[in-house]
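Novice: Sharing a structure here in structure tokens format.
The values are calculated or read from the model by the stated rules, or taken from the named source; none is laboratory data. Only a predicted model underlies this, so the values are computations on that prediction, with no experimental measurement involved. Positions of Cβ are generated from backbone atoms using ideal geometry, with glycine treated the same way; all protein chains shown enter the neighbour counts. Heavy atoms of the whole protein, side chains included, go into the accessibility calculation; ligands, DNA and RNA do not. Shrake-Rupley method; radii C 1.70, N 1.55, O 1.52, S 1.80 Å.
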Amino acid sequence: MVRVTAFTVRVPATSANLGPGFDALGLALSLYDEVTARVTAEPTTVRVTGEGAGDLAKDEEHLVIKAMRETFAEIGEQPAGIELTCVNAIPQARGLGSSSAAIVAGVTLANALSGGKLSQEDELRIAGRLEGHPDNVAPCLLGGFTIAWTSHDGARAVSTEVHPAVQPALFVPANRGLTKEARAALPASVPHADASFNAGRSALLVYALTKDPSLLFEATEDRLHQDYRAPGMPESAALVKKLRGRKIAAVISGAGPTVLALSGIPADFAGESGWVCHTLAPESAGARVRPGNISSTLGHAE
Ligand code: HSE
């Protein structure tokens, strides 16, 4: 049997935390990067168009390649070189899971190129280890609304579909945010009352997102991370406050600085100055791998 030497994967943007579900809850969104990888006997090359073009590494340091190398190592094979083509639509460093999308793309492409030796559980475990927390890689890989956790074996997750009335809208600012800095802004411990507050809200959020979106406003309240991070993203914190003042279920997306509204936005917010507004749909399928090149961008299919 001849093994396919090129695969393309479409990976969705993701929003993590969703308010109270810090490091646990995540949602896949209808905004995608498409990545093609081909194994070659030549040194690795990387071509990026769209988001991140000009900024991202063009060699073995590119995050998709690093994730591919790690996955090939786990499988026990390693190609000489990889020809990588990325067509990116997910804004980088905005709290929309661009690094998780790169990691999931790398893990799934390496697995496909190796003949599919790993299960999806294995793919999630590797991706979670590379990202450090599972709440973006889980919805990116599985799609839908995910509840993720880290067991002694690594990242695990369950995925479910959201209620059709859930309408995600993003407000993406021009400025970038670094997850590392946002995590450094968090205290080492929190009051028990705040932990208990978030436990209840997270549980309610699962119900609100899947069964009763009328509860989304209360279900997206948080005391564990957003206030601590607000000084590092004052415009985002102010927009969340303004939207919530109108009873809209708005939160910081992941580590920010993008703002996510889960229950749609009134027309007067769509042109909010300083933000690019995207009205999206939840993505139910997650990462989708297919054989061959990106035909639309390279002009031919393999
Ligand atoms: N749960 C993570 C955080 C998501 O808020 O730091 C960002 O990657």
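Novice: Using a cut-off of 29 Å between alpha-carbon atoms, which lysines can reach K180, once sequence neighbours fewer than 8 places away in the same chain are excluded?
Specialist: K58, K66, K241, K242
Novice: Rounded to the nearest percent, how much of the accessible area of the chain (1.4 Å probe, protein heavy atoms only) is carbon and sulfur?
Specialist: Heavy-atom surface of the chain belonging to carbon and sulfur, 1.4 Å probe: 54 percent.
Novice: Then there's this: Measure nothing fancy, just the Cα-based angle from helix 120-131's long axis to the longest principal axis of the chain, in degrees from 0 to 90, nearest 10.
Specialist: It is inclined by approximately 70 degrees.
Novice: Kindly express, to the nearest 10 degrees and within the range 0 to 90, the angle between helix 63-75's C-alpha long axis and the longest C-alpha principal axis of the chain.
Specialist: 60
Novice: Next question. Find the accessible area per residue for the chain; the probe is 1.4 Å, ligands and nucleic acids are left out, and the unit is Å².
Specialist: 43
Novice: First measure r as the distance between the Cβ atoms of D122 and R290, then evaluate 1/(1 + (r/R0)^6) with R0 = 30 Å and state the FRET efficiency to the nearest 0.05.
Specialist: E(calc), rounded to 0.05, equals 0.90.
Novice: How large is the helix-only mean residue ellipticity at 222 nm for the chain, computed as the sum of -39500 (n - 2.57) over DSSP H runs with n ≥ 4, divided by its residue count, in deg cm²/dmol to the nearest 500?
Specialist: -9000 deg cm²/dmol
Novice: Given a 1.4 Å probe and the protein chains all in place, what does the accessible area of K247 round to, in Å² to the nearest 10?
Specialist: Accessible area, nearest 10 Å²: 140 Å².
Novice: Another question about this same structure. Leaving ligands, DNA and RNA out of it, work out the accessible area of S119 with a 1.4 Å probe and give it in Å² to the nearest 10.
Specialist: Accessible area, nearest 10 Å²: 40 Å².
Novice: Sticking with this structure for a sec: What lysines could a cross-link reach from K247, if we take a straight Cα to Cα line under 24 Å and drop same-chain neighbours fewer than 8 places away?
Specialist: K211
Novice: From largest accessible area down, sort I90, I265; use a 1.4 Å probe on the protein chains.
Specialist: Largest accessible area first, the list is I265, I90.
Novice: First select every other residue whose beta carbon is under 13 angstrom from the beta carbon of S202; then total the charges, Lys and Arg +1, Asp and Glu -1.
Specialist: Charge balance in the 13 Å sphere: -4.
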